[in-house]
Structure formats: C-alpha cells, structure tokens
Amino acid sequence: MRHKHILILIGEKNWLSQSMANTQLVDVCPVYRKVQGLSKMIYKLQYHLGENNKSRWYNSEWTEHVVNYDTIILFDAFEDSSVVKYINDKAPKARLIIYYYNLIKRIELLHQIQQLNCEIWSFDKNDARKYGLKYNPQFYFKQLNFSNDTLRNFDYASDVFFVGKDKGRLQSLMNIDKKLRQEGIDTRFIVVGDRKQKYTKKQKDYLSEHISYAECIEYVKHTKCVFDMVQTRQKGMTWRIVEAMFFNKKLITNNDEVLSMDFYDSSNIYLIGKDHRPMSQFILDGQSHWQKRFVCEYSFENWLNNFMSERNH
C-alpha cells in the first residue's frame with residue numbers, strides 16, 4: 001500500500017472505495033479479508049461464536065501497515081468492538097475516527113466503542129445530538145469511478161427518479177408515484193424489497209431488482225428531479241441529496257432538516273408536508289441552479305478537512 005497519513009477502512013471494494021482512492025489523499029481498504037464458500041461458513045461460525053483471535057479475519061493489506069498512519073477512519077462496517085481494540089493496540093499513537101454513515105441501530109456496540117480510545121462521528125445530526133457524537137455531513141465526489149461496471153444501453157430519461165430499498169417506505173412511494181403519473185409526470189421509481197418483509201401481490205409487482213450504482217447515476221444524469229424519502233427518524237443527508245446537488249437536479253424530499261441547511265433554496269428543493277406548490281408544477285417548471293460553492297463544501301476533500309479542522313481546534 002502507498003504510505004499516506006490517512007487510512008480509511010470500509011466495508012468492501014466498490015465505486016465508493018475506488019473514488020476515495022482516486023483522490024490520492026488517502027489509502028482505502030476493506031476491514032475484513034474476502035472469504036467465500038467453505039471459508040465463509042467457517043468465518044461466520046468462528047467469528048460470531050466468540051473466537052479469541054478475530055484479527056486473522058482482518059485484511060492483511062491494512063493490518064501489516066496500520067502503524068504507519070497518523071489518522072485512521074473506520075466506517076461503521078465492522079462486526080464488533082474487537083477491530084477498534086486491535087487498532088488501539090497496534091497503532092496506539094494513531095488518531096482513530098469511527099464514522100457512522102448509517103443510522104445507529106446497534107446501541108450496545110456504540111456503548112462499547114465509546115469506552116475505547118477513539119472519536120465517534122455521525123452523518124446524522126439527530127444521532128449526533130442523541131448520543132453525544134461529533135457531526136460531519138454526507139459527502140460526494142467531483143469525479144466518480146465505475147471501472148468495474150458495464151452499463152446497459154437503454155433509455156434513462158424521466159421527470160423524477162428514485163432508487164432505494166423499501167425500509168418501510170414502499171406504500172408511501174407507491175402512492176406518490178401513482179399520483180404523479182396521474183398528473184402526467186414521467187416517473188422512474190426503483191424500489192428494492194426487504195428480504196424478510198412479506199408483500200402483497202400488488203406490492204411484489206411494483207418492486208424492482210437491485211441496480212448497480214453506476215446505473216443509478218445514469219438515471220440521475222437523465223432526470224429533471226431526484227426524489228428523496230428518508231426513514232422515520234433520519235435527519236442526515238442521503239446520497240440522493242448530494243446527487244441532486246452535484247448533478248444540478250431539482251430535489252423533492254421529506255427530510256425537514258434541509259430547512260436548516262446552508263444549501264436550502266426553494267427553487268431547487270421541494271419539502272413534502274411543508275411546500276404548498278403542486279409537486280408536478282415544481283418538477284416541470286424551470287431549471288435547478290445549485291450554487292457551485294456547495295459542490296466544494298460537500299466534497300470528499302472537505303469532509304476530510306472537517307476532521308482535520310476539529311483536531312486543530
């Protein structure tokens with residue numbers, strides 16, 4: 001691995017890790033080594049049944065060099081607190097940052113790592129306030145990397161676009177989709193079902209297969225408006241908000257936190273439940289005009305700077 005001052009540990013190698021690495025500001029590596037077949041079964045059994053030496057499942061690409069880094073940013077893609085303990089032991093002088101880029105659900109695990117030598121940050125203001133964490137908002141990239149994706153050749157054009165997992169939002173999305181279509185809006189809503197959820201036949205017929213993120217971005221590029229629906233208690237920015245910002249698209253969202261965000265502009269953003277304009281009128285009327293400064297403010301580079309600025313205070 002290249003010797004830089006910052007190491008980011010993430011769930012897997014994908015467009016996100018590659019886009020981070022392409023900035024040449026950080027080294028990026030999956031937390032765990034890749035296991036398949038029988039090894040994956042052994043991993044699940046041994047790791048989750050209290051195996052003492054869990055480090056043998058960590059990716060050697062970072063464990064062999066962890067002592068070389070001044071700052072280590074660990075995304076919330078780890079099984080338990082043993083990874084945090086391992087880094088504390090092997091690189092005691094390193095600044096260890098835990099970054100939650102999802103809503104916090106495993107409260108017991110959070111309490112465990114709060115007792116260890118690390119800083120804990122969240123993308124979500126509500127979680128940051130609730131659990132006494134530091135806040136660093138969602139980020140995006142000026143340049144994306146989809147080197148491993150092959151795009152299909154099909155028509156992407158739409159007036160409004162949504163993609164995401166159900167997560168309890170399916171019926172609301174179906175209702176809004178139907179209403180917009182009745183008003184002559186060309187919608188493309190891609191909702192992926194939750195594996196353990198039971199659906200009616202009508203709901204099953206509406207659900208879609210998973211698409212790659214490269215395809216998702218092609219849809220975003222070829223729509224007028226990005227539709228964003230957050231989970232019940234979520235206040236943090238989703239990928240959909242920054243996608244609308246970076247690709248200069250209109251945004252419809254139910255996240256009322258946008259009202260307090262510096263980029264809020266009613267000509268670009270429609271807030272469900274607070275905005276009294278017809279949604280279809282907002283989608284079709286005029287063009288979006290996001291200020292260019294927000295692309296810098298919510299860039300990956302500035303996200304890193306937020307961590308560094310906090311250290312210097």
Open item on the list: Taking a ≥ b ≥ c as the square roots of the Cα gyration tensor eigenvalues, with a/c under 1.5 meaning rounded and otherwise prolate when a/b beats b/c, else oblate, which class fits region 233-277?
Closed with: oblate
TODO: Could you check which residue among PHE161, PHE189, PHE294 shows the biggest mean-square fluctuation in a GNM of the chain with a 10 Å Cα cutoff?
DONE: PHE294
- [ ] Note the angle between two axes, namely the Cα long axis of helix 170-182 and the longest principal axis of the Cα atoms of the chain, as a number of degrees from 0 to 90, rounded to the nearest 10.
- [x] 30 degrees
TODO: Take the cross-link list LYS165/LYS224; LYS167/LYS235; LYS54/LYS85; LYS178/LYS204; LYS105/LYS167 and give me the ones stretching past 18 Å between alpha-carbons.
DONE: LYS165/LYS224
- [ ] Arrange the following residues from fewest to most other Cβ atoms within 10 Å of their Cβ: HIS210, HIS222, HIS276.
- [x] HIS276, HIS210, HIS222
Task: Cα point-scatterer Debye curve for region 158-297, base-10 log of I(q)/I(0) at q = 0.17 Å⁻¹ - done: -0.95
- [ ] Return MET261, MET237, MET229 ranked ascending by Cβ neighbour count within 10 Å, so the fewest neighbours appear first.
- [x] MET261, MET229, MET237
- [ ] Round to the nearest 10 and give me the degree value, 0 to 90, for the angle of helix 37-48's Cα axis relative to the longest principal axis of the chain.
- [x] 70 degrees
Task: GNM result for the chain, Cα springs below 10 Å: residue of LYS198, LYS90, LYS235 fluctuating most strongly - done: LYS198
Task: Efficiency of FRET between LYS130 and ASP80 - r from beta-carbon atoms, R0 22 angstrom, step 0.05 - done: 0.50
- [ ] Could you work out the local net charge near LEU133, counting Lys and Arg as +1, Asp and Glu as -1, over the other residues with Cβ closer than 11 Å to its Cβ?
- [x] +1
TODO: Along Cα→Cβ, 7 Å out, is where each label goes; now give me the distance between the ones at ILE272 and ARG33 in nm to one decimal.
DONE: 4.5 nm
- [ ] Can you put LEU25, LEU304 in order of Cβ neighbours within 10 angstrom, beginning with the fewest?
- [x] LEU25, LEU304
Task: Estimated inter-spin distance, ASN59 and ASN88, nm [label 7 Å along Cα→Cβ] - done: 2.4 nm
- [ ] Return one number: the angle in degrees, 0 to 90 and rounded to the nearest 10, between the long axis of the Cα atoms of helix 300-312 and the longest principal axis of the Cα atoms of the chain.
- [x] 50 degrees
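Values quoted throughout were computed directly from the atomic coordinates according to the rules given, and no laboratory measurement underlies them. Everything numeric here is computed off the predicted structure, so don't read it as measured data. Every residue, glycine among them, receives a Cβ derived from its backbone with ideal geometry; neighbour counts consider all protein chains shown.
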